[in-house]
Amino acid sequence: MLKSILEILYPLHRTLASEGTDLALNLIGEHMPVGCDYTVETYPPGERVWTWKVPERFVVHEAYLETERGERVLDFADNPLHLVSYSLPVEKDLTWNELEPHLYYNPDRPWAIPWKFKYYERDWGFCLSKDAFDRLPRNIGYKAVIHSEFLSQPGFRVSTGVIHPQDGPDPQAGEILISAHVCHPMQANDDLAGVVTAIGLAQRLAANPLPHGSMSVRFWFGPETIGTIAYLAHHEDLIPTLKGGIFVEMTGNRNPIAWHHSRQHDHLLDRITHAVLRDAQPVERPFADAPANDERVINGPGVNVPCISINRWPYDEYHTDDDNPGIIHEDMLQDAADKIEKLVRIFGTNYIPKRTFRGPVFLSGHGLWVDWHENWQLNRAIEKIMMRFEGRHSLFDIAEEVQLDYWVVRDYVDKFKAKGLVVGLPIPNETPEN
């Protein structure tokens, strides 16, 4: 059950770099398939990665707000969302006018505690419901206490695991990257739903690997944006092997599936996604439309690996304490895993057939004839299929053009390949300049 994994991860104080994030990455590893070479990598805070710097670890010893009479108004120990993530340390007595600019609430959900962060614009603050904010006396003093630290040890962490096809990796086929971030404290749908959906996908691909010669599937978990930047900056040699990417989040709520195009917009990955999701009547959005995430890195300048995003956004509970396991549904998690699995199985097994023969193939002489009594549609499509063996059309392209199921076409073309009548060319990479 994917939701049960989510419920284990949910209480952890997960930020860009923290003990809770470390624990989450370790727990994810316990649920990833055996044999996926699950690895946690550590980078030193302050290290430059492209135009960014690796952030420090955020440690909170205690944080609370109380009145001048010693009445505790809110406490990090009760709910980590009460503290703005990456708040600076503070211990001071304040008037209401001094305190108010450091208080945050969501006016649209007056009962809910919002999640706020100050990762790169350092300040301090507390979050509370609008109802609680309205009840605070304005004519008394307050004491704000935040005992936090920013540490360089034991470092900033991300993790990966790789599921290879049958018989091991094929360097020419390359890889597809599945990405999910782990850094949103006390948020179930954004982002843990994406994490457990990715775990579910990994478990399926390990139980039933892609066939020989297919792409490997690399799974990445870590902090949003900076985590992907740091990982790719440390593995620039990996970028040319990546044929496509899928960022996964917000898959557990009861909303229709939605997807964001790649930056290329009409790449093979976009067309496969459109075909796989067509019957689900998905919400379809342009690249990097809200909510934009790590696809901006994966498909961004100088990297440009075509990357789509899968989610069920928007939802009213977003970035509040209402985004909890109560809004997560197992069938929605599994449905998202189903759809992404179908997409990955087509994209990951697709190749470009190129003929080695001249003239029409003697089909019956090579055991390739299809009796029209048994399969009329394939029989009628054979000539059209063979005419597309010039090294310009992928299997998916051919299936779309002849209006047959991808797996029917792949199974048939594989028979040509087995007899040496076609060779399979890998799907070409995008280049960073495109």
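Taking the conditions exactly as written (buried (at least 20 other Cβ atoms within 10 Å of the Cβ), among the hydrophobic types (A, V, I, L, M, F, W, C) and out of contact with any Leu (no Cβ under 9 Å at 6 or more places or on another chain)), does Leu2 satisfy them or not? No, not satisfied. In the range 83-94, is there at least one residue being part of a loop (DSSP other than H, G, I, E, B), buried (at least 21 other Cβ atoms within 10 Å of the Cβ), in contact with a Leu (Cβ under 6 Å, 6 or more places away or on another chain) and in contact (Cβ under 8 Å) with a residue 12 or more places away in the chain? Scanning the range 83-94 turns up no residue that is part of a loop (DSSP other than H, G, I, E, B), buried (at least 21 other Cβ atoms within 10 Å of the Cβ), in contact with a Leu (Cβ under 6 Å, 6 or more places away or on another chain) and in contact (Cβ under 8 Å) with a residue 12 or more places away in the chain.
Yes/no matrix, rows are residues, columns are (1) hydrophobic (A, V, I, L, M, F, W, C); (2) within 15 Å of Asn311 (Cα to Cα); (3) open to solvent by 10 Å² or more (accessible area, probe 1.4 Å):
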residue: Pro185; (1), (2), (3): no, no, no
residue: Asp190; (1), (2), (3): no, yes, no
residue: Ala193; (1), (2), (3): yes, yes, no
residue: Gly213; (1), (2), (3): no, no, yes
residue: Ser216; (1), (2), (3): no, no, no
residue: Thr228; (1), (2), (3): no, no, no
residue: Leu238; (1), (2), (3): yes, no, yes
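Residues checked against (1) farther than 27 Å from Ile226 by Cα; (2) among the acidic types (Asp, Glu):
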| position | (1), (2) |
| --- | --- |
| Arg271 | yes, no |
| Ala275 | yes, no |
| Arg278 | yes, no |
| Arg285 | no, no |
| Gly300 | no, no |
| Tyr315 | no, no |
| Asp323 | no, yes |
| Arg358 | yes, no |
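The set of residues from the range 119-159 being among the basic types (Lys, Arg), without any contact (Cβ under 8 Å) to a residue 40 or more places away in the chain and either closer than 16 Å to Leu65 by Cβ or in contact with a His (Cβ under 8 Å, 6 or more places away or on another chain) (or both) comprises Lys130, Arg135. Any chance you could count how many residues in the range 101-139 are part of a helix (DSSP H, G or I) and either surrounded by 14 or more Cβ atoms within 10 Å (Cβ to Cβ) or in contact with a helix residue (DSSP H, G or I) (Cβ under 9 Å, 6 or more places away or on another chain) (or both)? So the answer is 4.
Being aromatic (Phe, Trp, Tyr) and either modelled with pLDDT under 95 or in contact with a helix residue (DSSP H, G or I) (Cβ under 6 Å, 6 or more places away or on another chain) (or both) is a property that Tyr64 lacks. Within the range 244-274, the set of residues being open to solvent by less than 10 Å² (accessible area, probe 1.4 Å), more than 15 Å from Tyr315 (Cα to Cα) and not aromatic (Phe, Trp, Tyr) comprises Gly244, Gly245, Ile246, Val248, His260, Ser262, Leu269, Asp270, Ile272, Thr273. Applying the criterion of being open to solvent by less than 20 Å² (accessible area, probe 1.4 Å) and in a loop (DSSP other than H, G, I, E, B) to the residues of the range 322-338, the residue that is farthest from His212 (Cα to Cα) is Asp323. Remark: pairs (first residue in the range 291-311, in contact (Cβ under 8 Å) with a residue 60 or more places away in the chain; second residue open to solvent by 10 Å² or more (accessible area, probe 1.4 Å) and acidic (Asp, Glu); Cβ separation under 6 Å; 6+ apart in sequence or on different chains) = Asn304/Glu430; Pro306/Glu430. Across the range 402-430, the qualifying residues are those that are among the acidic types (Asp, Glu) and closer than 23 Å to Ser216 by Cβ, and the one among them that is surrounded by the fewest Cβ atoms within 10 Å (Cβ to Cβ) is Asp411. All of (1) out of contact with any strand residue (DSSP E or B) (no Cβ under 9 Å at 6 or more places or on another chain); (2) in a helix (DSSP H, G or I) hold for Ala290 with one exception: (2).
Of everything in the range 48-75 that is in a loop (DSSP other than H, G, I, E, B) and without any contact (Cβ under 8 Å) to a residue 40 or more places away in the chain, the residue that is least open to solvent (accessible area, probe 1.4 Å) is Gly70. Just to verify a result, which residue in the range 339-398, among those that are open to solvent by less than 70 Å² (accessible area, probe 1.4 Å), assigned to a loop (DSSP other than H, G, I, E, B) and of a type in the set (D, E, K, R), is modelled with the lowest pLDDT? Result: Asp371. For Glu30, the requirement of being part of a strand (DSSP E or B) and either open to solvent by 10 Å² or more (accessible area, probe 1.4 Å) or modelled with pLDDT of 95 or more (or both) is not met. Checked against the criterion of being farther than 21 Å from Asn189 by Cα, open to solvent by less than 50 Å² (accessible area, probe 1.4 Å), more than 13 Å from the chain's Cα centre (by Cα) and not small (Gly, Ala, Ser), the range 307-317 contains not a single residue that satisfies it.
The values are calculated or read from the model by the stated rules, or taken from the named source; none is laboratory data. From a predicted model like this one, the values you see are computed outputs, not experimental measurements. Positions of Cβ are generated from backbone atoms using ideal geometry, with glycine treated the same way; all protein chains shown enter the neighbour counts. When the accessible area is computed, the model is the full protein with side chains, heavy atoms only, and any ligands, DNA or RNA have been set aside. Shrake-Rupley method; radii C 1.70, N 1.55, O 1.52, S 1.80 Å.
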